[in-house]
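First up is the structure itself, then whatever we jot down about it.
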Amino acid sequence: MPNKASPVLFSGMQPTGDLHIGNYLGALKTWTAIQYDYRPIYCVVDYHAITVYQEPKALQEKIEEMAALYIAAGIDPEHSTIFVQSTIPQHVELAWVFSCVTPVGWLSRMTQFKTKTEQQESVGTGLFVYPALMAADILLYQAGVVPVGDDQTQHLELTRDIAGRFNSLYGETFVVPKTELPSVGARIMGLDDPTQKMSKSAPGSNHSISLLDSPSRIKKLIGRAVTDTKPAVDFNDLGEGVANLITIYQACSGADNEETREVFSGVQYGVLKKAVTEALVEKLEPLQKKFRDLTADRDVVRGILRHGTERAAPIAEKTMQAVRQKVGLYMHR
Ligand code: TYM
């Protein structure tokens with residue numbers, strides 16, 4: 001069991017759209033696996049979500065559902081703190097301070113910002129300063145480790161740079177966190193186009209599998225997944241689509257490389273797809289059942305979120321007091 005000396009773990013997800021298997025295999029699964037080695041804090045990042053317009057009522061629903069999914073996936077609310085970002089205003093307060101010490105050039109280099117701006121006609125300033133808010137989320141709790149998927153590594157590098165810059169300008173204040181990537185599944189690709197990462201915003205109904213998809217839908221989607229022109233699995237020359245299916249299989253089943261090669265070398269894609277479907281369904285069915293129970297009566301989740309804010313808020317305020325003092329912001333005396 002972790003004690004007060006265990007490092008803090010922090011991570012979060014945006015309550016937009018449905019969580020897909022990329023979110024699960026890239027992040028959520030690691031969160032549950034390593035939670036007992038740390039003092040974990042899991043956040044539902046609604047301030048990040050509104051960098052792109054969200055229908056207000058739907059957003060509130062999604063926030064609770066996201067928390068329910070964390071718990072359904074195996075986050076233990078007794079041990080792990082689960083809370084909603086906007087219930088602790090120190091996140092935006094620290095994000096402002098960070099946006100003052102972060103050069104525009106650092107933010108302009110962020111590839112997610114570049115891709116997202118290409119997809120939209122008009123872009124809010126929030127999307128640009130988004131990584132400063134993400135740095136605030138993490139550094140507010142002095143987190144030492146941040147488990148995420150591969151697409152967040154650049155934001156994590158920036159978080160380290162911001163911590164370093166603040167520390168050198170104002171004196172040692174922040175822990176510089178490490179990124180924790182899963183060994184398998186850090187980047188799950190789209191089923192319809194395995195050259196693109198699986199994403200909530202990608203168009204196309206054959207692109208991703210939601211954590212709440214039924215077994216028959218999962219079967220259909222895996223059945224339609226792009227493979228390649230070769231007749232069977234060839235580990236010496238795996239096409240991107242086939243490699244992605246094998247990654248999904250390994251991440252769900254826990255099978256190592258040797259085992260996986262033994263099972264699938266030379267087999268037809270139909271056999272591989274059946275095994276991937278079964279492995280996914282086996283992983284997702286218990287999660288879906290727990291999710292249905294948790295959302296049937298939302299009071300449990302609401303209570304957990306309230307408790308989470310109560311646990312996290314004093315830590316955030318302690319850091320902010322130090323920051324206000326170091327920066328020279330006015331304090332009544
Ligand atoms: P978000 O909500 O886009 O994604 C949540 C998590 O899912 C991972 N992920 C993937 N992993 C593997 N394959 C994929 N195709 C895939 N797509 C998404 C992401 O890497 C992420 O870990 N900015 C963050 C949210 C955030 C955050 C934070 C994370 C805000 N503050 C502080 C960590 C710490 C985001 O938009 O994740």
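Where does helix 299-327 land angle-wise versus the long Cα axis of the chain, in degrees 0 to 90, nearest 10? Tilt relative to the chain: about 50 degrees. Across SER216, SER122, SER208, mean-square fluctuation computed from a Gaussian network of the chain (C-alpha pairs under 10 Å connected) peaks at SER122.
Going through the cross-link list LYS114/LYS326; LYS200/LYS220; LYS178/LYS290, which pairs have a Cα-Cα distance over 27 Å in this structure? Walk me through the intermediate numbers first.
Values: LYS114/LYS326 33 Å; LYS200/LYS220 19 Å; LYS178/LYS290 31 Å.
Distance filter (> 27 Å) returns LYS114/LYS326; LYS178/LYS290.
Segment 194-259: Rg/Rh from Cα coordinates, Kirkwood Rh?
Working: Rg = 12.8 Å, Rh = 13.2 Å.
Using only Cα positions, Rg/Rh for segment 194-259 is 0.97.
Check each of the chymotrypsin sites (Phe, Trp or Tyr not before Pro) in segment 34-70 and keep only those in coil by DSSP with at most 10 other C-beta atoms within 10 angstrom; list them in order. Of the chymotrypsin sites (Phe, Trp or Tyr not before Pro), the ones in loops of segment 34-70 whose Cβ has at most 10 other Cβ atoms within 10 Å are TYR53.
State the percent of C-alpha pairs, over all pairs in segment 45-84, separated by a distance greater than 16 angstrom.
On the way: 298 of 780 pairs.
For segment 45-84, the fraction of Cα-Cα distances above 16 Å is 38 percent.
Between PRO177, PRO194, PRO103, the residue with the greatest mean-square fluctuation in the GNM of the chain (Cα pairs under 10 Å linked by springs) is PRO103. Exposed loop sites, defined as GluC sites (Glu not before Pro) outside DSSP H, G, I, E and B with at most 12 other Cβ atoms within 10 Å, are absent from the longest region of the chain, namely 173-333.
Per-residue ellipticity at 222 nm from helix content only, as computed over the chain with -39500 (n - 2.57) for each DSSP H run of at least four residues, stands at -17000 deg cm²/dmol. Expressed per residue, the C-alpha convex hull volume of segment 4-128 stands at 139 Å³. Rg/Rh, computed from the Cα trace of the chain with Rh as the Kirkwood radius, has the value 0.99. Only beta bridges with both residues in the chain are counted; by DSSP, about 15 percent of them are antiparallel. Using Cα springs under 10 Å in a Gaussian network model of the chain, which residue among ASP237, ASP193, ASP37 shows the largest mean-square fluctuation? Most flexible of the set in this elastic network: ASP237.
Between the Cα long axis of helix 56-73 and the first principal axis of the chain there is an angle of about 70°, rounded to the nearest 10. Quick check: Cα centre of segment 312-333 to Cα centre of segment 195-246, how many Å? Cα centres, segment 312-333 to segment 195-246: 48 Å.
Bear in mind that the values in this text are calculations on the coordinates, not laboratory data. As the structure is a prediction and not an experimental result, all values here were calculated from the model. A quick note on method: Cβ atoms are made from the backbone with ideal geometry, for glycine too, and the neighbour counts reach across all protein chains shown.
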